[in-house]
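Trainee: A single structure is presented below for examination.
The values are calculated or read from the model by the stated rules, or taken from the named source; none is laboratory data. Being a predicted model, the structure only gives us computed values, none of them experimental. Positions of Cβ are generated from backbone atoms using ideal geometry, with glycine treated the same way; all protein chains shown enter the neighbour counts. All accessible areas refer to the heavy atoms of the entire protein, side chains included, with ligands and DNA or RNA removed. Shrake-Rupley method; radii C 1.70, N 1.55, O 1.52, S 1.80 Å.
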Amino acid sequence: MSTQLDTQETEEEGEIEQTPGEKRREIKRQRADARAERVEAELDEAEHTRRLKIFRYDPEVEGKEEPRFDDFIVPFHKGMTILDALIYARDHYDSTLTFRHSCRQAVCGSDALFVNGKQRLGCKTQLADLEDPIRIEPLPHQEVVKDLVVDMQHFYDQMDAVEPYFDADELPDEELTEQHQTPENREYVKMATRCIWCGACMSSCNIAAGDNEYLGPAAINKAYRFAMDEREGEDRKQERLRIIEQEHGVWRCQTQFSCTEVCPKDIPLTEHIQELKRESVKNNLKFW
């Protein structure tokens with residue numbers, strides 16, 4: 001009789017007690033169920049929904065090493081952006097969905113994506129302007145780290161290669177004296193200063209895709225920004241022109257205008273490249 005009671009108590013204890021791992025999994029299931037119910041309710045209440053096809057890839061997780069596309073249905077409201085939709089999908093469907101974003105005001109440049117076959121900023125692109133299904137992919141011609149995140153190191157290296165900083169021949173005599181710039185010159189270089197280092201132009205460039213050493217439109221635009229600034233020292237300008245007129249510099253550009261078309265800040269990148277070509281030619285002309 002005692003043995004039978006001990007066995008019954010042991011079974012009852014086994015039903016009550018859970019391992020820490022089982023508890024975590026149970027909590028996770030409960031949260032997933034609650035999230036699914038919440039999503040279903042929101043979708044039922046929404047007047048319109050949009051379908052997203054999002055690129056997925058995670059080389060560090062078994063079963064996710066092969067690239068694929070996952071479908072997500074999100075509720076749509078006026079003014080909703082691609083970034084809004086991605087955040088909704090991550091917060092309500094899959095917390096492992098990975099993408100970059102920061103300011104949400106088209107300033108940081110961190111959420112450049114390939115949306116319906118074109119480089120765009122997620123925070124600036126309206127869902128209302130796109131047709132379903134909305135296909136969202138990482139920037140082409142760059143190594144994918146995970147999902148929509150690409151490795152930007154090569155892009156940053158190219159930007160650094162043009163030495164994007166002032167180096168005047170002479171500094172003002174007084175320590176706190178500003179280096180003045182005329183309003184006309186400021187207007188001349190204004191558009192070039194708007195670059196947010198998003199990498200969209202580099203991703204759209206066929207030359208950059210085939211020539212890993214090509215400086216690329218963003219880096220050349222950055223060189224333009226300083227070379228055309230009247231505060232730039234003449235000696236430094238000559239050095240900068242030598243950098244951009246190298247074999248993998250401005251002369252590799254084939255004037256396809258793809259970089260200008262995708263720039264989210266409307267910088268006339270192709271025009272700036274052509275102007276630097278002209279500066280390079282004039283700089284090398286000799287009359288004797």
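Trainee: Pop the C-beta distance of R194 and E239 into the FRET formula with R0 = 22 Å and round what comes out to the nearest 0.05. Mind dumping the intermediate values first?
Mentor: Numbers: r = 25 Å, r/R0 = 1.11.
Calculated transfer efficiency: 0.35.
Trainee: State to the nearest 20 debye the size of the charge dipole of the chain about its Cα centre, where the only charges are +1 on K and R beta carbons and -1 on D and E beta carbons.
Mentor: Charge dipole, the chain, about its Cα centre: 1380 debye, nearest 20.
Trainee: How much length is gained if the chain between D173 and D94 is pulled fully straight, taking 0.36 nm per residue apart and subtracting their Cα-Cα distance, in nm to one decimal?
Mentor: Details: separation 79, 0.36 × 79 = 28.44 nm, distance 5.94 nm.
Fully extending the segment from D173 to D94 adds 22.5 nm.
Trainee: May I pose another question? Are there any trypsin sites (Lys or Arg not before Pro) in region 75-170 that are in a DSSP loop and have at most 10 other Cβ atoms within 10 Å? List them by number.
Mentor: Values: sites: K78, R90, R100, R104, K118, R120, K124, R135, K146; in loops: K78, R100, R104, K124.
Of the trypsin sites (Lys or Arg not before Pro), the ones in loops of region 75-170 whose Cβ has at most 10 other Cβ atoms within 10 Å are K78.
Trainee: Any idea how far apart F166 and Q18 come out in nm if each label point goes 7 Å out from Cα toward Cβ?
Mentor: 6.3 nm
Trainee: Please report the equivalent ellipsoid semi-axes of the chain, computed as sqrt(5 x eigenvalue) of the Cα gyration tensor, largest first, in whole Å.
Mentor: Values for the chain, descending: 54, 21, 19 Å.
Trainee: Now a separate question. Taking the Cα atoms only, what angle lies between the long axis of helix 269-284 and the longest principal axis of the chain, rounded to 10 degrees?
Mentor: 30 degrees
Trainee: Can I ask one more? Run the numbers on region 155-244 and let me know its relative contact order in percent, using alpha-carbon pairs under 8 Å that are six or more apart.
Mentor: 46 percent
Trainee: Over region 200-288, what is the relative contact order in whole percent, taking alpha-carbon pairs under 8 Å and six or more residues apart?
Mentor: Details: 87 pairs, mean separation 30.9, N = 89.
Relative contact order here is 35 percent.
Trainee: Follow-up question, since we're still on this one. Quick one: angle between helix 217-227 and the longest Cα principal axis of the chain, in degrees between 0 and 90, rounded to 10, please.
Mentor: The helix 217-227 is inclined about 40 degrees to the chain.
Trainee: Determine which residues of region 161-204 fall in the zone a paramagnetic label at R231 would reach in this model, i.e. backbone nitrogen under 11 Å from the point 7 Å along Cα→Cβ.
Mentor: 166-168, 172, 177-182, 186
Trainee: Shifting gears a bit: Mean residue ellipticity at 222 nm from the helices of the chain, using -39,500 (n - 2.57) per DSSP H segment of n ≥ 4 over the full residue count, to the nearest 500 deg cm²/dmol?
Mentor: Values: 11 runs with 121 residues, N = 288.
Mean residue ellipticity at 222 nm (helix-derived): -12500 deg cm²/dmol.
Trainee: Let me ask something else about it. By its C-alpha gyration tensor, with a ≥ b ≥ c as the square roots of the eigenvalues, how is region 195-249 shaped: rounded for a/c under 1.5, else prolate for a/b larger than b/c, else oblate? Working shown, then result.
Mentor: Working: a/c = 4.29, a/b = 1.64, b/c = 2.62.
Note, shape of region 195-249 comes out oblate.
Trainee: Do any cysteines of the chain lack a neighbour Cys whose Cβ is under 4.7 Å away, and which are they?
Mentor: Singleton cysteines: C123, C195, C198, C205, C253, C263.
Trainee: A further question follows. Gaussian network model of the chain, Cα springs within a sub-10 Å range: biggest mean-square fluctuation belongs to which of G21, G117, G233?
Mentor: The residue with the greatest mean-square fluctuation here is G21.
Trainee: Please give the length that would be gained between Q274 and Q256 if that part of the chain were fully extended, namely 0.36 nm times their separation in residues minus their C-alpha to C-alpha distance (nm, one decimal).
Mentor: Working: separation 18, 0.36 × 18 = 6.48 nm, distance 1.15 nm.
Difference between extended and current length: 5.3 nm.
Trainee: Under 5 Å between amide H atoms, partner at least 5 residues away or on a different chain: which partners does A112 have, H built in plane at 1.01 Å?
Mentor: Here the answer is G122, since their amide H atoms fall under 5 Å of that of A112.
Trainee: Further, regarding this structure: Run the accessible area of the chain with a 1.4 Å probe and give the carbon-and-sulfur part as a rounded percent. All intermediate terms of the calculation are to be shown ahead of the outcome.
Mentor: Working: 8040 of 17240 Å².
Here carbon and sulfur together make up 47 percent of the probe-accessible area.
Trainee: How many Å² of accessible area per residue for the chain, probe 1.4 Å? List each step's numbers first, then the result.
Mentor: Numbers: 17240 Å² over 288 residues.
Dividing the accessible area of the chain by its residue count gives 60 Å².
Trainee: Run the numbers on the chain and let me know its relative contact order in percent, using alpha-carbon pairs under 8 Å that are six or more apart. All intermediate terms of the calculation are to be shown ahead of the outcome.
Mentor: Values: 402 pairs, mean separation 41.5, N = 288.
In percent, rounded to a whole number, it is 14.
Trainee: Evaluate 2.2 N^0.38 Å with N set to the residue count of region 183-288, then give the Cα radius of gyration divided by it. List each step's numbers first, then the result.
Mentor: Working: Rg = 13.6 Å, N = 106, 2.2 N^0.38 = 12.9 Å.
Expressed relative to 2.2 N^0.38 Å, the Cα Rg reads 1.05.
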